[in-house]
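Structure first, commentary second.
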Amino acid sequence: MAIVPSADTARLIDDLASSDALRRETATARLSVIGSRAVTRLLALAGDEGAAVHARLAALGALEAIGDPRSFAIAKALTDGADVRLAVAAIGILGVLAQADTPNADKAFDHLTGLALDAAVDSDRRVAACQALEGQPANVVSPILEALAAESAPTVQAHALRAKAGAHDPIEAFETQDLPADPAVMIAIVREEGADARVTLLRALIDRVRERERKPKSSAAREQWMAVRGLLHQQLAARASRLAVYDLRETLASSTTPLPVGFLAAAAAVGDIACLEPLAAAWVAGVGDAWWRDHLAEAFAAIVKREKVGRRHATLQKILQKWPAAGPLVATSR
């Protein structure tokens, strides 16, 4: 391999601070090829608190690609730093070092395990640590995934469930390919990727999951798939999208038992006036179930407020005529 002059290496390091993303990516790729001879300068930039974050991230990306054991100290320090973006990038370096035959491999593995299992650490770092550990042998990583699958932090639990199931396909793949056999895995996928998925994809998945609900013979399986659909509705509603309000309205109208909370969260966020009647009907029928009725009332009140439904509105009058017992619900929503 031709020796790259130090002046060229210095220029590439400078390019990591460029505002041009393509220029940064090109410099990162070339520095990765240069390898160990660029590590000293890359470590200096990665640890420079006065440098731009995007430059430090680029330096960490090159260090991860190189996998030099000298990166351990700075990577370990940054995983505990205030900037989550730098911490996640540094965790990637530790993942490479933990799999290598280097003096710090065990220390890197132990630090990653500690991050993944520490409930006091933010979810972004914990998920990144979990991902970094997934290159380890199955018998090593399985106990960690088992522990994380019982987590209370939703994103950490979701990632661990996916990793355990080997469900590595992105959410986009399920627009056309078969859904996972286990609805819990699909819930994990939606929790982990739903916030960034296209709204049109989420709407398409609602249709596919609704079809899947009809197939299981057991009521428990149908309820689990309905929970998936409720979560998809909730993700759409979080983006203020009304693409699937038709399905939300039909579900509220046809349900004879309490629904997963995702449906009510979606109704509160994006439900329209036509959702008020089924909400009122469910509230009247749900006497004895305080949790269900409270959530129904919250959704009803949110729609009334958002749609500016006045006390003389025809829909409220119709509700009172059909269900006089809904009087308290209507009254508290004004």
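Since every read-out is calculated from the coordinates, none of them should be taken as a lab result. The structure displayed is predicted, hence computed values, not measured ones. Cβ: placed from backbone, ideal geometry, glycine included. Neighbour counts: every protein chain shown.
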Cα centroid separation, segment 180-219 to segment 276-308 (Å): 25
Value in Å of the Kirkwood radius, where segment 272-334 supplies the Cα pairs that are averaged: 11.3
Chain lengthening between GLU250 and LYS215 when straightened (0.36 nm per residue, less Cα-Cα): 10.7 nm
Computed label-point distance, nm, for sites ALA73 and ASP196 using a 7 Å Cα→Cβ extension: 3.3
Note, ³J(HN,Hα) from phi for segment 101-113, Karplus 6.51, -1.76, 1.60, rounded to Hz, x at Gly and Pro: 8, 10, x, 9, 4, 5, 5, 5, 4, 4, 5, 5, 4
Burial ordering of VAL284, VAL156, VAL199, fewest other beta-carbon atoms within 10 Å first: VAL199, VAL284, VAL156
Cα-only radius of gyration and Dmax that characterise the chain, units Å: 25.9, 86
Tilt relative to the chain, helix 199-213 - C-alpha long axis, 0 to 90 degrees, to 10: 60
Compactness index (Cα Rg / 2.2 N^0.38 Å), segment 158-287: 1.04
Cleavage-rule hits, trypsin sites (Lys or Arg not before Pro), segment 164-214, DSSP coil, Cβ neighbours within 10 Å at most 10: ARG214
Hits among lysines - C-alpha to C-alpha of LYS308 under 23 Å, sequence gap 8 or more where chains match: LYS318, LYS322
Projected-area average for segment 1-66 over all orientations - Cα convex hull basis, square nanometres: 3.9
